[in-house]
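Below is one structure, written out as structure tokens; the observations come after it.
Any read-out appearing in this document is the output of simple, stated calculations on the displayed coordinates, not a laboratory observation. Model, not experiment: these values are computed from the prediction. Virtual Cβ from ideal backbone geometry, glycine too; neighbours counted across all protein chains shown.
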Amino acid sequence: MSFWKKVKTVATSAKCFSGWHSGNYSQMKNKPKCHLEKTCPDCGEYLAKKNHIFTRWEHIDSFTCKAERECLHCQHTESKMMHAYERVEKDPVNCKIIRRCVRCNDKQIGHAEHNWLHQSEEDIKNGKRKECKDCGRSF
């Protein structure tokens, strides 16, 4: 075996060993369009995968945040929570933003939004700390 043929054999083996198989996927016989298969021509490994094409996410009802979508070909479903948060208030103790979901009333406490008092250049030179006029926190 020539040197370059050995290099090609080693490179092909390394490629397949790391999961980079050659060949093209095709639809499985007697299965929906989203079920695909191939056999790697380099190592002979059989590979199968599902490549679903989903509908858009839709809420199950108007009072919960659970949403589902379905594969157009095999009716496989996925679900997830899809909240619709709106800002409702700001906590006066720590200036954190409070949001509520309009669908299920779930509460989410977000990051702080301080309302810093303006500092003059003299205050900065003298090392005066910034202060929030809403919660009193200094920085």
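Plainly put, region 85-125 has a radius of gyration that is 1.27 times its Kirkwood radius, both from alpha-carbon atoms, as the Rg/Rh ratio. Using C-alpha pairs under 8 Å with a sequence gap of at least 6, the mean separation divided by the residue count of region 81-137 gives a relative contact order of 28 percent.
Sorted largest first, the principal axis extents computed over the alpha-carbon atoms of region 23-81 equal 53, 20, 12 Å. For region 59-77, backbone nitrogen atoms closer than 17 Å to the point 7 Å from Asp106 Cα along Cα-to-C-beta are found at 59-69. With a 10 Å cut-off between alpha carbons and a GNM built on the chain, which of His118, His52, His83 moves the most? The residue with the greatest mean-square fluctuation here is His118. Since only Gly23, His59, Ala112 are under comparison, the one whose Cα sits farthest along the positive direction of the charge dipole of the chain, derived from C-beta charges on Lys, Arg, Asp and Glu, is Gly23.
So for region 23-81, averaging the separation of alpha carbon pairs under 8 Å that are six or more residues apart and normalising by length, what relative contact order in percent results? It would help to have the intermediate numbers written out before the result.
Values: 96 pairs, mean separation 13.8, N = 59.
Computed value for region 23-81: 23 percent relative contact order.
Among Arg69, Arg129, Arg56, the residue with the largest mean-square fluctuation in a Gaussian network model of the chain, with springs joining Cα atoms closer than 10 Å, is Arg129. The angle separating the long axis of helix 3-17 from the principal Cα axis of greatest extent in the chain is about 50 degrees. Residues of region 11-28 with amide nitrogen under 18 Å from the 7 Å Cα-to-Cβ point of Tyr46? Residues 21-28 qualify, since their backbone N sits under 18 Å from the label point.
Seen from a random direction on average, the alpha-carbon convex hull of the chain projects onto 18.6 square nanometres.
Springs join every pair of Cα atoms under 10 Å in this Gaussian network model of the chain, and among Cys43, Cys65, Cys34 the largest mean-square fluctuation is at Cys43.
Give, rounded to the nearest 20 debye, the magnitude of the charge dipole that region 85-125 has about its Cα centre when Lys and Arg contribute +1 at Cβ and Asp and Glu contribute -1 at Cβ.
Using Cβ point charges on Lys, Arg, Asp and Glu, region 85-125 gives about 400 debye.
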